[in-house]
Structure formats: C-alpha cells, structure tokens
1. Could you list all residues from the stretch 295-341 that are assigned to a helix (DSSP H, G or I), under 17 Å from Thr432 (Cα atoms) and either modelled with pLDDT under 75 or within 22 Å of the chain's Cα centre (by Cα) (or both)?
2. What are the residues in the stretch 60-81 that are among the charged types (D, E, K, R) and within 18 Å of Met47 (Cα to Cα), if any?
3. In the stretch 159-187, which residues are open to solvent by 10 Å² or more (accessible area, probe 1.4 Å), under 23 Å from Thr465 (Cα atoms) and among the small types (Gly, Ala, Ser)?
4. Given the condition touching a Pro at 6+ places or on another chain (Cβ under 7 Å), under 17 Å from Gln24 (Cα atoms) and in a loop (DSSP other than H, G, I, E, B), answer yes or no: does some residue in the stretch 151-163 qualify?
5. Out of Gly375, Gly365, report the one residue that is at pLDDT below 80 and touching an Asp or Glu at 6+ places or on another chain (Cβ under 9 Å).
6. Looking at (1) surrounded by fewer than 23 Cβ atoms within 10 Å (Cβ to Cβ); (2) at positive phi, can you tell me which one Asn488 breaks?
7. All but one of (1) touching a Cys at 6+ places or on another chain (Cβ under 8 Å); (2) assigned to a strand (DSSP E or B); (3) of a type outside the set (Asp, Glu) hold for Arg173; which doesn't?
8. Being in contact (Cβ under 8 Å) with a residue 12 or more places away in the chain, not in a loop (DSSP other than H, G, I, E, B) and not small (Gly, Ala, Ser): is that true of Asp454 here?
Amino acid sequence: MNNSTPSCYGEKTPLLQHSIGDPQVVPMKRVRGADAVYRAFTQDSLMMYFVAADSAPFREARQKAGYYIMFDAAIRQRRMLTVDDGKAVMKYGAPGDGGPPRLHRFLTWLGELSDPPELTKRKKEFMAKVVAMVSNAFGEKVADMYEVQALATAPEAQGRGYATALVNTVTDRGDAEGRDVWLITADAYAFYEWLGFSTIRSELVGVDNPTWDGAPITIRLMHRPAKKADSTSEKPAFNYTEDDNSIVRGGTLSTAVDQLKRRDLAARLLSLAWTHSDMESAESAGSMSSPDGTKQEEIEVKPMKYGDLFKAVDSVQRIIADEALMFYFASADTAPFFKTRWKLRHGLLMLDGIRQKRMLTVNGGESVLYYRAPGNNKHSLLSRVVIRLLELFDTAEVKKRKKESTLKVEDLVNATFGGASEKMYEIGALVTAPEAQGRGYASALVTTVTGKADSAARDTWLLTTSAYLFYETLGFVVVGERTVGENNPTWDGPPVILRAMQRLTADGEGSV
C-alpha cells in the first residue's frame with residue numbers, strides 16, 4: 001500500500017529523470033525491490049492485521065511472490081519507478097490505465113487460493129472500505145486522477161530522500177497535466193502531509209472483528225490537488241549528506257531545536273513532542289501483540305537509567321528526520337557535524353530528564369518519554385552551556401527560523417493556557433525505535449503520565465505537529481494552532497502546523 005511509481009517509460013518528458021539532490025528516479029526495467037517492500041512493511045499496522053490471519057505455510061515466500069507479480073505487471077504497463085536499482089520502488093496509476101494483464105490476474109488469483117478464510121475476510125473488509133471512501137469522495141472523477149499505489153524503501157536506504165523523490169515525480173506529472181493525485185495509507189500519513197496531501201476520508205479496519213485483539217487500524221484516503229502551471233511552491237526533498245539523517249517510513253519525530261533566549265520555552269521547542277505515527281490506540285496500551293495476533297508479555301514502563309541513554313539516543317536519531325518541523329530546521333542547517341550536534345542535544349535533554357526523574361522507558365531505551373511535572377522543569381547548567389555552544393554552528397537562516405518558531409510557540413502556549421500550563425503535566429518528548437513501533441509502547445508511556453496527572457488532579461498538555469491523531473486516541477484534543485514558515489521566502493515547503501493539545505483530568509472538569 002502506498003508504494004507507487006510514475007508512468008514515464010518511453011515518454012519525452014523531464015519527469016523521466018526526476019532528480020532531487022542525489023536521488024535519480026528511473027523507470028524500473030526488470031523486477032527489483034520485492035524484498036525491500038517486504039522488509040519495509042514488517043511493522044506496518046495494516047500489514048500486521050493481514051499477517052495475523054495468515055496461518056498458511058511459506059508466508060514470506062508467498063508475499064514476496066505477490067510483490068513480484070504486481071511489479072512485473074506494473075513494468076509492462078510502464079507504471080513502475082525506482083531509485084538505486086530497487087532500493088526504493090514506487091507503483092502508480094494514471095488516467096486511462098486498464099487492469100493488470102490477464103496472466104498476472106490469473107497468477108494473483110492462484111496465489112490467493114492458499115489464503116485462510118479469516119485472511120480473505122480481512123482483505124474483503126479492507127477493500128470494501130477503500131472502495132466506499134474513494135467512491136464517496138471522488139465519484140467518476142477518480143478516473144482522471146493519478147494514484148500513488150505502492151511506495152517502499154529498504155530499511156538500510158531510508159533517510160536519503162528516495163521516497164520523496166518518487167512521490168514528487170508523480171505529483172509533478174499531475175501538476176503538468178492539471179490532474180489531482182490520491183492515495184490510501186495507514187501509518188505514513190504524516191510523510192504525505194508534508195508533500196502536500198491532506199486526509200479527506202478515514203475508516204477503521206478491525207474494529208468489529210472478534211478474532212483481532214489489536215487496536216483498530218485507521219486507513220486514510222489522502223488527496224493532493226493539482227497546482228496551477230504558474231505555481232512556484234514545489235515541495236523539495238531534503239537530501240542530508242552522509243549519515244546525518246534517517247527518514248523512516250511511518251515514523252515521526254516532532255522536535256524543534258536548541259535553547260534560545262527563553263530557557264523553558266526553548267526546552268519545549270527542543271523536545272516538541274517526539275512521537276511515532278503508529279496510531280496505536282489506548283486499547284493497545286499495556287500489552288504487546290505478536291505478528292500472529294497473540295498477546296505476549298505485559299509492557300513494563302520503567303524509569304529510565306543512565307545506562308539506557310545510548311540506546312535511547314540511537315532510537316531518536318534513526319527517526320528524527322521524518323517530521324515537518326524537523327525538515328524546516330534541517331533544510332537551513334548547512335553547518336558541519338549535523339548528526340553529532342543533534343545527538344548531543346537529545347542526549348542532554350534525556351540526561352536532565354533522568355536527573356529530574358522525569359524520563360520513562362520501555363525495553364531500556366527502545367521507547368522513551370520525557371515529561372514535566374509542576375515545579376520540576378529546570379535544566380542543568382551543563383545543558384544550558386553546551387546548547388549555547390552548539391548554537392555557534394547555527395547559520396543566519398537557522399537562527400531566523402528558530403526565533404520564528406520560539407515566538408510562535410510562546411504565543412500559542414500563552415494564548416491557550418496562560419500561566420495555567422505551569423500547573424499541568426506536560427508530555428515533552430516521545431519516541432519509539434522504528435523496529436519497535438506498533439506494539440503499544442508509546443500508548444503505555446503516555447498512559448503512565450496521564451495516570452500520574454489524574455492522581456494529582458492535574459490536566460496534561462503537549463505540543464505536536466502531525467501526531468495529533470495518535471494523541472486524540474488517548475483523550476487529548478487540539479485546543480490551539482499556529483503555523484510556521486508561511487511567510488518565509490526561503491522555505492518552499494507547506495506551512496508547518498504547531499498544535500497545542502490538552503487532556504483533562506479523569507473527572508473531566510479540568511485542573512485549571
């Protein structure tokens with residue numbers, strides 16, 4: 001799902017070689033990438049819903065064979081793109097496309113003969129809801145639109161801008177022809193939002209299935225309208241050099257930067273709600289489900305120790321780039337030692353949290369949460385000094401963007417909460433390593449903090465960009481918004497939406 005490629009085989013169009021930084025998008029000539037797709041979707045929530053019902057033998061081999069058949073059909077239709085010879089792949093649909101060739105339809109049918117009844121039932125449930133969403137949203141107009149049908153990047157190649165380059169190839173083609181683009185996704189909605197898509201319909205899968213004990217999966221219909229020919233607001237794909245980023249599909253890290261002039265506010269910007277986009281619901285908190293759907297050991301939330309720090313920093317670093325606000329800062333950060341500087345910032349933030357006993361973890365740093373309680377939000381002198389030293393690397397544009405974001409956050413917090421925010425609990429940072437997402441870790445961590453707040457009769461608040469839907473499942477509501485970057489002529493991306501969210505105490509009356 002959402003792994004697609006533009007149709008430009010043999011066509012005289014600049015879209016044939018779409019380059020953003022280093023990634024070169026080319027038509028796929030022979031099937032590549034089946035293994036990359038399989039590995040990229042191991043922790044995808046919708047894939048786990050299907051896998052849990054697939055008890056037939058040779059599941060991995062059957063899945064890879066299915067991808068091979070799908071890709072071969074798309075190659076024949078000239079609707080398959082790739083970067084780095086299969087390291088990232090995309091399948092897409094264009095107006096006028098027919099179905100796959102007869103041979104490929106037969107092979108797909110043959111492969112589905114081994115599907116257990118429950119898997120067939122879940123596939124039909126998913127398709128019925130997709131068809132209903134698309135029909136209700138677009139009607140017959142969908143025939144005139146492009147569709148991103150499949151998009152995946154091998155885990156070892158993520159963070160290089162490959163996926164962004166592939167999607168931009170299709171949206172550029174749509175813009176050139178005056179056609180909209182649509183797609184269906186579950187976990188990766190935040191990535192597509194940054195590229196100009198918006199969610200226009202959503203449905204829950206698995207919500208009424210008694211054989212599924214996991215959280216309901218939200219599937220989203222997303223849409224990007226064609227831009228006018230004279231539009232100059234193309235979305236860039238940031239290609240950070242060397243190992244200084246790691247965009248991970250489905251993962252997000254809401255984080256801003258540095259200590260600025262206002263110490264406490266700047267600390268909130270630095271953490272700005274790290275969070276993954278697994279959309280785990282509150283029902284999944286407290287237990288872990290294996291891929292076959294059986295519940296395993298209870299999730300144990302523990303205070304984080306100094307020995308967990310290296311693993312926690314690594315978890316943060318591997319998903320840091322896949323978030324709108326992070327893109328906004330990083331795109332202006334041309335100074336050296338990018339990765340090292342960010343590791344220091346995150347490490348210092350967590351050291352303070354451990355010292356203050358405000359750092360929680362699952363699995364010794366695999367999933368971490370930093371929170372603040374009333375009267376406990378001081379940062380150490382060491383942290384403040386080192387952060388100020390790191391600011392010496394800031395370019396003039398980075399400083400400008402930090403100042404803009406700081407003022408917007410200050411205005412948002414003051415207008416929404418006033419001084420009451422100091423009497424509330426605050427979720428300052430939340431992140432789960434990519435390989436551990438989808439297990440309920442983040443929900444368990446958040447629920448632990450909101451439980452403390454309820455016991456103290458205090459509300460809880462946080463700042464986030466695109467992770468608001470995840471927090472809504474845990475009882476938070478958006479109470480205020482501000483946008484960043486809308487008036488910056490050096491920023492070609494869409495405005496970044498900062499959201500303040502609040503959860504009232506369990507009695508629903510609020511603490512302020």
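1. If the condition is that a residue be assigned to a helix (DSSP H, G or I), under 17 Å from Thr432 (Cα atoms) and either modelled with pLDDT under 75 or within 22 Å of the chain's Cα centre (by Cα) (or both), then Lys311, Ala312, Val313, Asp314, Ser315, Val316, Gln317, Met326 are the ones that fit.
2. Applying the first criterion (among the charged types (D, E, K, R)) to the stretch 60-81 yields 60, 62, 64, 72, 76, 78-79.
Listed by number, the residues that qualify are Glu60, Arg62, Lys64.
3. Ala163 - this is the single residue of the stretch 159-187 that is open to solvent by 10 Å² or more (accessible area, probe 1.4 Å), under 23 Å from Thr465 (Cα atoms) and among the small types (Gly, Ala, Ser).
4. Yes, that holds for at least one residue.
5. Gly375
6. (2)
7. Unmet condition: (2).
8. yes
The values are calculated or read from the model by the stated rules, or taken from the named source; none is laboratory data. A quick note: this is a predicted structure, and the numbers were derived from the prediction, not measured. In this analysis, Cβ positions are derived from the backbone assuming ideal geometry, glycine residues included, and neighbour counts consider all displayed protein chains. Protein only, heavy atoms only, side chains kept; ligands, DNA and RNA dropped before computing areas. Shrake-Rupley method; radii C 1.70, N 1.55, O 1.52, S 1.80 Å.
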